[in-house]
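Data block below; observations after.
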């Protein structure tokens, strides 16, 4: 008779396949590498599959391992829901790592305020801030528990993810004080259409941001002269060019504290940018993940550092 598949083996299976590494799985589970290797051997015996194989880029899961991962994820979701029911998270005693995925164009005060708050309340925890790069599969990372929460403002987030509103921000246009349009009290639609713009590269799987989404809805496109992957470069590029950058007021004012910039309300009836945090159903009732989401909301509610423009 085959050996029973216990919860420990399920957690090792999930960690090893998602990390594609025995050492990273050991770190994630906070157990020794020999213990993970021993569990992996038992899993191989039980499944009759190698589960992880060597490739020229390191280790990679087999097709069978990826198939088993979906089953293990569903099983662990149910087990976690049972074990976490009624649990309380003691922040001062926790040693866990929180993972927050966020773009680099938040208000410069938001993430420092969040890190500082968590550091005061949960001094033994670690915080990993992950960028929302173009190739990031944030939906998978949320589902597998590798990311606790995503801070974003996409117009149409996946409907199966949980969402909590954080903040709304007015859409504005940034330019250098010497820009030919800088002396105007407001911009017209013709001004905006004829100007040249800085545009951000798409991120997190190519999601279109709220600015381009609105322009597409009214049948208009910006003249993109420059595309940038790093928002912290925007104020410096604006200083030496006659380009415009469309973003949220919070981000614009944050940039204006660094270098002189003219900020005017955007034309074309842009709706406010709506910012929120996203998380997966599997962590909805997890005490630690819920505590983290509460801290993010608290930072915004305190008014110390609301998120800035999440997509220009």
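How do the pairs read when you match residues in the stretch 117-140 that are under 18 Å from residue 208 (Cβ atoms) with residues anywhere that are exposed (fewer than 12 other Cβ atoms within 10 Å of the Cβ) and at pLDDT below 85, using Cβ under 9 Å and keeping only pairs 6 or more apart or on different chains?
Within 9 Å, the pairs are 134/201; 134/206.
Starting from residues that are at pLDDT 90 or above and assigned to a loop (DSSP other than H, G, I, E, B), keep the ones in the stretch 132-155 and report whichever is surrounded by the fewest Cβ atoms within 10 Å (Cβ to Cβ).
The extreme case among them is 147.
How many of the residues making up the stretch 66-103 are at pLDDT 75 or above and assigned to a helix (DSSP H, G or I)?
Matching residues across the stretch 66-103 total 14.
Given the condition surrounded by 15 or more Cβ atoms within 10 Å (Cβ to Cβ), within 25 Å of the chain's Cα centre (by Cα) and assigned to a loop (DSSP other than H, G, I, E, B), answer yes or no: does some residue in the stretch 206-223 qualify?
Within the stretch 206-223, one or more residues are surrounded by 15 or more Cβ atoms within 10 Å (Cβ to Cβ), within 25 Å of the chain's Cα centre (by Cα) and assigned to a loop (DSSP other than H, G, I, E, B).
Report, by residue number, each residue of the stretch 261-275 that is part of a strand (DSSP E or B) and surrounded by 21 or more Cβ atoms within 10 Å (Cβ to Cβ). If you could, list the steps in order and put the result at the bottom.
Here is the first cut: in the stretch 261-275, the ones part of a strand (DSSP E or B) are 262-265, 273-275.
Correct list: 273, 275.
Of the residues 203, 192, which is at pLDDT below 90 and either in the same structural domain as residue 19 (by TED's automatic domain parsing) or crowded, with 17+ Cβ neighbours inside 10 Å (or both)?
Just a single option satisfies the conditions, and that option is 203.
The values are calculated or read from the model by the stated rules, or taken from the named source; none is laboratory data. Predicted model only: the values in this text are computed from it and were never measured. A quick note on method: Cβ atoms are made from the backbone with ideal geometry, for glycine too, and the neighbour counts reach across all protein chains shown.
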